[in-house]
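**Q** This is the structure, below, for whatever I ask next.
The values are calculated or read from the model by the stated rules, or taken from the named source; none is laboratory data. The structure displayed is predicted, hence computed values, not measured ones. Cβ atoms come from the backbone with ideal geometry, glycine included; neighbour counts cover every protein chain shown. When the accessible area is computed, the model is the full protein with side chains, heavy atoms only, and any ligands, DNA or RNA have been set aside. Shrake-Rupley method; radii C 1.70, N 1.55, O 1.52, S 1.80 Å.
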Amino acid sequence: MAKAEFRQDRGVDQVKAAFLDRDGVINLDTGYVHRWDEFVFAPGAIAAMRDLQTAGFMLIVVTNQAGIARGYYSTEHFETLTAQMLGHLEREGVRITAVYHCPHHPAGSVPALSIECDCRKPAPGMLLAAAREHGLSLANSILIGDKPSDIGAAQAAGVGRAYMVESDNIDSVSTGVTSDGVFASLPACIDHILGRA
């Protein structure tokens, strides 16, 4: 089941969210990132998130973390890294409202987490939980990811628009997933969303 971490209420009535995948969108995806010393923000990502926030989007991270189920790192490692990421972003003027993660994978090595679930993207569980807990209009929200599973989750949840950024993980263009656009980076995607490109 999807679980919210580090929820931070804004105290304002915002009903649209920008759902952001983490690895490959916010930070460079070097494979099962779980320590701050290996966490590198993608070029321009912080400024792009700040622009989304200024445009009235609630920022919510939705991330598959199969490394937990595979035993590569623990939930505590994930939570520590998340706190460090949020602290850094706060200092840069970016406030993440919530971080949702899925620790499951059917081929994992941790028995309790090696299950089929409703939160691992492309399942929509994390997005639906966020909508319930934060009073979001999914139709007015957007999602930005780097994998077909991100787009699938957005479509299953009824998110209004879903975009892909290119990463080293996949060939975004040839996956057959229909997104609302494929961009070279998060900043390029935000420029499009905000009508600057």
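**Q** Given the condition free of Cβ contacts under 8 Å to residues at least 12 places away in the same chain, of a type outside the set (Lys, Arg) and assigned to a loop (DSSP other than H, G, I, E, B), answer yes or no: does some residue in the stretch 49-68 qualify? Quick ask: steps written out before the conclusion?
**A** Of all residues in the stretch 49-68, those free of Cβ contacts under 8 Å to residues at least 12 places away in the same chain come to 54.
Now narrow it down to the ones that are of a type outside the set (Lys, Arg): 54.
Within this subset, residues satisfying the condition of being assigned to a loop (DSSP other than H, G, I, E, B) are none.
The answer is no, given that none of the residues of the stretch 49-68 is free of Cβ contacts under 8 Å to residues at least 12 places away in the same chain, of a type outside the set (Lys, Arg) and assigned to a loop (DSSP other than H, G, I, E, B).
**Q** Of all residues in the stretch 22-48, count the ones that are more than 15 Å from residue 193 (Cβ to Cβ), open to solvent by less than 50 Å² (accessible area, probe 1.4 Å) and in a loop (DSSP other than H, G, I, E, B). Working first, answer last.
**A** So the first thing to find is which residues in the stretch 22-48 are more than 15 Å from residue 193 (Cβ to Cβ), and the list is 22-24, 26-43, 46.
The next check asks that each one be open to solvent by less than 50 Å² (accessible area, probe 1.4 Å); those that pass are 22-24, 26-27, 29, 31, 33-34, 38-39, 41-42, 46.
Right, trim to in a loop (DSSP other than H, G, I, E, B) and you get 22, 24, 26, 29, 31, 33-34, 39, 42.
Residues flagged as more than 15 Å from residue 193 (Cβ to Cβ), open to solvent by less than 50 Å² (accessible area, probe 1.4 Å) and in a loop (DSSP other than H, G, I, E, B) within the stretch 22-48 amount to 9.
**Q** Among 70, 91, 95, which is charged (D, E, K, R) and under 18 Å from residue 134 (Cα atoms)?
**A** On the way: 70 fails: under 18 Å from residue 134 (Cα atoms); 91 fails: under 18 Å from residue 134 (Cα atoms).
Sole residue among the options that is charged (D, E, K, R) and under 18 Å from residue 134 (Cα atoms): 95.
**Q** Determine whether residue 2 is at pLDDT below 95 and either out of contact with any Ser or Thr (no Cβ under 6 Å at 6 or more places or on another chain) or within 20 Å of residue 148 (Cβ to Cβ) (or both). Give the steps one after another, and end with the answer.
**A** Working: at pLDDT below 95: yes; either out of contact with any Ser or Thr (no Cβ under 6 Å at 6 or more places or on another chain) or within 20 Å of residue 148 (Cβ to Cβ) (or both): yes.
When the stated conditions are applied, residue 2 passes them.
**Q** Something else: Based on this model, can you work out whether residue 77 counts as modelled with pLDDT of 95 or more, surrounded by fewer than 20 Cβ atoms within 10 Å (Cβ to Cβ) and either under 17 Å from the mean Cα position of the chain (by Cα) or on the phi > 0 side of the Ramachandran plot (or both)?
**A** Numbers: modelled with pLDDT of 95 or more: yes; surrounded by fewer than 20 Cβ atoms within 10 Å (Cβ to Cβ): yes; either under 17 Å from the mean Cα position of the chain (by Cα) or on the phi > 0 side of the Ramachandran plot (or both): no.
Considered against the rule, which asks whether it is modelled with pLDDT of 95 or more, surrounded by fewer than 20 Cβ atoms within 10 Å (Cβ to Cβ) and either under 17 Å from the mean Cα position of the chain (by Cα) or on the phi > 0 side of the Ramachandran plot (or both), residue 77 comes out as no.
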